[in-house]
């Protein structure tokens, strides 16, 4: 039973006893308690009338581990009474409105691990001095997308990744050549794209399929099919993000994640990086990989949360580099708690 209901019941009992048993002395406390309940209810109703809380911003993105500033303001026609107190988020202590400048309260929130989070609504609580009556008003919540944290990768490490597996790079470059395939030509195709030997042999129009030079750049494969625990998965995602960012700034890179048919292309200007970064924020355990993209890549950097060594399950070619969480020594270099290891040719270089 609330304090208001208990006080009202006490007042009714005292008044009934005063009238029923003929004890006029009970009228005074009964009427006093009833008057207090009425005044408290009126005060709370007036102080909390037409007052709303507005939280800003309603959504934002931030790097995991950072602290962001949010603001909540009391708005409405009834805000001038400035009664009550505000808690910026669930579980936080209340601050009296009379202490606030222009009914604005700013507070900081620590962003958790990567992913999508909700910062619970702020609360305006209006109570009478006796604590008999109370009204509550909530604000909107704030949606926070925590982006994976990245680390700086040294220029020497970037050069090692690009130039380490010389034999593998030459082998795949030679296999691909300048022409990646031939397909049926469309009317209006440029003469430089026509594959004339096929036209002479078959009599039908055919054009060359040429992969742009950028698509032959480093391919980072983020294999989340065997994520063992949350910490390892987050470490692998941070390592992949760091490597993609470093390689993209040095000329461009591609990122392939599970359950997607094509790789993300990140150019040197990093125009597409915000979308890729946001995708990595919500990436979970996957099931399939686009093996065709992997097989035709000139350089493959395999990032996995699994600590198992050897060729990744299902891979038809060995990656040029593997990146996995490992607390042991060895490897080429470390990034975001993961060890980068390469082929014998890469490590010798």
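Just so it is clear, none of the values below were taken in a lab; they were calculated from the coordinates. Note that the structure is a prediction, hence the values are computed from the model and not measured. Because the Cβ atoms are built from the backbone with ideal geometry, glycine has one as well, and the counts that use them run over all protein chains shown.
Annotations
- Look at the alpha carbon pairs under 8 Å that are at least 6 residues apart: their mean separation over the length of segment 48-136 gives a relative contact order of 34 percent.
- Fewest neighbouring Cβ atoms within 10 Å first, the residues 223, 250, 259, 234 line up as 259, 250, 234, 223.
- Whole-percent P(r), segment 52-147, all Cα pairs, 10 Å bins from 0: 16, 46, 26, 10, 2.
- Percentage relative contact order, the chain, counting C-alpha pairs under 8 Å, at least six apart: 14
- The C-alpha atoms of the chain occupy a region whose extents along the principal axes are 119, 56, 37 Å, arranged from largest to smallest.
- Over the chain: helical MRE at 222 nm, DSSP H runs n ≥ 4 each giving -39500 (n - 2.57), nearest 500: -9500 deg cm²/dmol
- Inter-probe distance in nm under a simple model that places probes 7 Å from Cα toward Cβ, at residue 288 and residue 12: 6.7
- Using a Förster distance of 41 Å, the FRET efficiency for residue 118-residue 270 (Cβ separation, nearest 0.05): 0.90
- Taking label positions 7 Å along the Cα-Cβ direction at both residue 333 and residue 101, the computed distance is 4.6 nm, reported to one decimal.
- Ascending count of other beta-carbon atoms within 10 Å, so fewest first, for 258, 133: 258, 133
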